[in-house]
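The values are calculated or read from the model by the stated rules, or taken from the named source; none is laboratory data. Small disclaimer: the values here were computed from a predicted structure and weren't measured. Here the Cβ positions follow ideal geometry from the backbone for every residue, glycine too, while neighbour counts run over all protein chains shown. These accessible areas exclude ligands, DNA and RNA; they are computed on the full protein's heavy atoms, side chains included. Shrake-Rupley method; radii C 1.70, N 1.55, O 1.52, S 1.80 Å.
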Amino acid sequence: METPARLWSQHLANIARAAFWLLLVVVILLQLSGSRGLDRQRSAALGQFERERNSRVIAMIHRQEGGSLFGVPVSGSISIDDSEAVLRAIRLTPPEQPIDIILHTPGGLVLAAEQIAKALVERKGKVTVFVPHYAMSGGTLIALAADEIVMDANAVLGPVDPQIGDMPAASIVKAVEIKGPRRVSDEILILADIAQKARVQVVSFVIQVLLKHMPEKQAVQVATVLTEGRWTHDFPITVQAARVLGLKVSTEMPRTVYDLMDLYPQGGGIRPSVWYVPMRRAPAQGSVPAQPSQDPRPEGKGETAAR
């Protein structure tokens, strides 16, 4: 027969296990309910901004997020998932309706950024990009497609020179030029060839984007400055520097944009990085206006092949 002490220890162990699982369930439920509440706040803020400006609002906000229940950090950047979501939002927007993009990103996959920029350049309605803090690399490429860039007085853009893996394309080419083709491996020569092609491709694309707002000579000059690799990839292009380049930049940042950014705090659970509130076409006279809805997309994971 088991002793009373042994039975009591088993009873305590069972209580501890039950308490652990109950606590785990409570934590999960709190996280889920908190996330839904935050989603509703974001949707309401986006809807309010759309009503204020009579536009389609898209928020592409990348933060350092917690990727699991245990807070494993996942860094967000522009991905194919993001471009798919943004292109869908653009497709659902009437051609003449303005589009406002709230952009907070370190950059990302060049292909995804180019897809978004191309779609914005082809828009008939006005495109405005709001940069409350920073839009680097691919984010800058998207901003270049806008008819107007609205930046916080201390916000920055960045160069759009291509990166091959974790190395600047311009630096790869320069290294081969300094050492000479005969003194580097075949692998480096192939990498330099890819880097040079990437540079040509990106500068050509940026020129095409800028031709929407600038004469050809100026577009070539600005595209060269932004893509040739004269700065490090994290070089901050301030409001004043952007204006010197000839970009149309305003600092009249609406308060609503700052309020929306407060709903994307740093860290603390998985959050979508691209949001938009689809607005249906104007209803017929006398009908009830359609209510905005939300279609969140999952946060993009960082591709490092080219930024």
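Rounded to the nearest Hz, the phi-derived 3J(HN,Hα) couplings of segment 168-184 under the Karplus curve 6.51 cos²θ - 1.76 cosθ + 1.60 (θ = phi - 60°) are x, 4, 4, 6, 4, 4, 5, 4, 5, 5, 5, 7, x, x, 6, 10, 10, where x marks glycine and proline. Subtracting the Cα-Cα distance of ILE80 and HIS133 from 0.36 nm times their residue separation leaves 16.8 nm of extension gain.
Surface composition of segment 140-217: carbon and sulfur atoms hold 56% of the protein heavy-atom accessible area at a 1.4 Å probe. Seen through its C-alpha gyration tensor, with square-root eigenvalues sorted a ≥ b ≥ c, segment 98-142 comes out oblate because a/c lies at 1.5 or above while a/b is not bigger than b/c. In segment 77-210, Rg over Rh equals 1.06, where Rg is the alpha-carbon radius of gyration and Rh the Kirkwood radius from pairwise Cα distances. Taking 26 Å as the limit for the C-alpha separation, the pairs LYS118/LYS248; LYS126/LYS197; LYS118/LYS197; LYS179/LYS217; LYS118/LYS217 exceed it in the case of LYS126/LYS197; LYS179/LYS217. Normalised per residue, the accessible area of segment 75-225 is 43 Å², obtained with a 1.4 Å probe and no contribution from ligands, DNA or RNA. Ellipsoid semi-axes for segment 185-242, based on the Cα gyration tensor and the rule √(5λ), read 26, 16, 7 Å when sorted largest first. Taking 10 °C and 1.306 mPa s as conditions, segment 170-211 diffuses translationally at an estimated 143 µm²/s according to Stokes-Einstein applied to its Kirkwood radius (Cα pairs).
Other residues with beta-carbon under 10 Å from the beta-carbon of GLU96 carry, at +1 per Lys or Arg and -1 per Asp or Glu, a net charge of +3. Note on segment 149-234: along the principal axes its Cα atoms extend 47, 29, 18 Å, ordered by decreasing extent. Taking amide H as placed 1.01 Å from N in the peptide plane, ILE102 has its amide H under 5 Å from the amide H of ILE58, ALA59, MET60, PHE130, each at least 5 places away in sequence or on another chain.
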